[in-house]
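For reference, the structure discussed in these notes is given below.
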Amino acid sequence: MSMVTLKDIAAHVGVSISAVSLVLNDRGEGRVRPDVAVRIRTVADELGYAPNLLARGLKTNQSHIIGLLSDQVASVPFAGQMLGGAQVSAAEEDFLLIVVDTAGNRDLDGTAVKTLLQRNIEALIVATDFHREVDLPMTPRAMPVVVLDGLPRDRSAVADWVIPDETGGAYAATIHLILAGHRRIAFCNVEDERFVARTLRRAGYEAALSAAGLTPDPALIVDASDPSTAAGRVQARRLLSTHDRPTAVFCFSDQIAFGFYQVAQELGLRIPDDLSIIGFDDQPFIADSLLPGLTTVRLPHRDMGTWAARQAIARLRGDAPSGPVSTQMPCPLVERASVAPPSPEGGAPRT
């Protein structure tokens, strides 16, 4: 089916193509009779006319298209909210968001960016699958670049960026356990240094303990090999099999927390009666599906996506301050049913 053109509408109404163009571009007042303008809009709607944004962009040098370079974000369930936030915000400002996902293959970055540039994008959002440092692709010098859920490895790069407040989220989680009465609170971190969050979440955990007058116990801080459930089970057995086990555990991820759930069941420990657990991510189909429901910290993926798109548009419109802008989005605590006051027996094993 061919695209409806201005010529088609003009032929149906019996006016010139220039009259149709003036009306549909909101420049017909005082130049086209009101009744004719109404007829033009009616016929355009009936024929299903849609403006050719690419052609318009070539004339005005404003395509109203933002490119988003995604590194596996499209395939990560809970991170997909970033794309939703960016897409809705772009649409609200009459911008189109085009997404290209490289599936984790860094060799495709150059080709992907070239593909987006050929679509006449005005700005580029670089989205990562988890909070980390990124090497920015080469783009035209004047093009706004925003890093979503990450930060430029080269801090002198001209780019804006948005990340989660990892430290604040970890602090809130640990304080929640302290207010529930816990004092022996373990932290299961990850050892993979690619995760910038490992340092930030530990800092929040230790800051909360210090604020409560508690000294972090090195014996209660362990590192899983990765954020998976299987890796979590390894450290859960190490922490929960001792006579002086913790009464609560704060986990780097919901998947690690799932591993602690499994080991607690193996050892006959009831959650939250004998062991309180808090995760991080608020990952769908895990945090809300565990029994009891997992109290966790939500990563603000949608809010970050919204901010990235709005910041890119602000740059295009000249509404952003000069120089790179960065922001941290709050990570709210999501309370469910995995936290309770410690049992009278404390860390003693069940008999």
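The table that follows gives values for the structure above.
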read-out	value
Residues of region 267-323 that turn out to be closer than 19 Å to SER228 by Cα and either in the same structural domain as GLY84 (by the TED database) or in contact (Cβ under 8 Å) with a residue 24 or more places away in the chain (or both), as a count	20
Residue satisfying condition, being of a type outside the set (Phe, Trp, Tyr), out of contact with any Ser or Thr (no Cβ under 6 Å at 6 or more places or on another chain), outside any strand (DSSP E or B) and more than 17 Å from ASP303 (Cβ to Cβ), within set VAL158, VAL126	VAL158
Test result for ALA320, part of a loop (DSSP other than H, G, I, E, B), in contact with a helix residue (DSSP H, G or I) (Cβ under 6 Å, 6 or more places away or on another chain) and either over 18 Å from LEU83 (Cα atoms) or modelled with pLDDT of 95 or more (or both)	yes
Members of region 21-32 that are open to solvent by less than 70 Å² (accessible area, probe 1.4 Å) and not β-branched (Val, Ile, Thr)	SER21, LEU22, LEU24, ASN25, GLY28
Subset tally (residues that are modelled with pLDDT of 80 or more, part of a helix (DSSP H, G or I) and out of contact with any strand residue (DSSP E or B) (no Cβ under 7 Å at 6 or more places or on another chain)) for region 53-88	4
Which numbered condition ALA219 misses (of (1) in a loop (DSSP other than H, G, I, E, B); (2) open to solvent by 10 Å² or more (accessible area, probe 1.4 Å); (3) of a type outside the set (Lys, Arg); (4) under 27 Å from SER343 (Cβ atoms))	(1)
Filter pass, GLU133 being within 15 Å of ILE66 (Cα to Cα) and not aliphatic (A, V, I, L, M)	no
Top-ranked residue of region 232-254 - restricted to ones that are among the charged types (D, E, K, R) and closer than 19 Å to PRO216 by Cβ, ranked as most open to solvent (accessible area, probe 1.4 Å)	ARG238
Filtered residues of region 200-216 (kept if open to solvent by 40 Å² or more (accessible area, probe 1.4 Å) and in contact with a Pro (Cβ under 8 Å, 6 or more places away or on another chain))	GLU206, SER210
Exclusive hit being under 33 Å from the mean Cα position of the chain (by Cα), modelled with pLDDT of 90 or more, assigned to a helix (DSSP H, G or I) and hydrophobic (A, V, I, L, M, F, W, C), set ALA91, ALA11, ALA37	ALA91
Residue, surrounded by the most Cβ atoms within 10 Å (Cβ to Cβ), within region 188-199, restricted to residues that are assigned to a helix (DSSP H, G or I) and over 17 Å from the mean Cα position of the chain (by Cα)	ARG198
Flag for ALA180 being within 22 Å of ASP281 (Cβ to Cβ), touching a residue at least 60 places away in the same chain (Cβ under 8 Å) and within 28 Å of the chain's Cα centre (by Cα)	no
In region 74-102, the residues that are open to solvent by less than 10 Å² (accessible area, probe 1.4 Å) and free of Cβ contacts under 8 Å to residues at least 60 places away in the same chain	THR102
Within region 1-20, considering residues that are open to solvent by less than 30 Å² (accessible area, probe 1.4 Å) and among the small types (Gly, Ala, Ser), the one farthest from ALA50 (Cα to Cα)	ALA19
Region 222-252 - residue that is in a loop (DSSP other than H, G, I, E, B) and out of contact with any helix residue (DSSP H, G or I) (no Cβ under 8 Å at 6 or more places or on another chain) and, of those, nearest to PRO342 (Cα to Cα)	THR247
Extreme residue, nearest to LEU179 (Cα to Cα), among residues of region 255-283 that are of a type in the set (S, T, N, Q) and open to solvent by less than 40 Å² (accessible area, probe 1.4 Å)	SER276
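The values are calculated or read from the model by the stated rules, or taken from the named source; none is laboratory data. Keep in mind that what you see is a predicted model, and the values were worked out from it rather than measured. Backbone-built Cβ (ideal geometry, glycine too); neighbour counts: all protein chains shown. Ligands, DNA and RNA are excluded from the accessible area calculation, which covers all protein heavy atoms including side chains. Shrake-Rupley method; radii C 1.70, N 1.55, O 1.52, S 1.80 Å.
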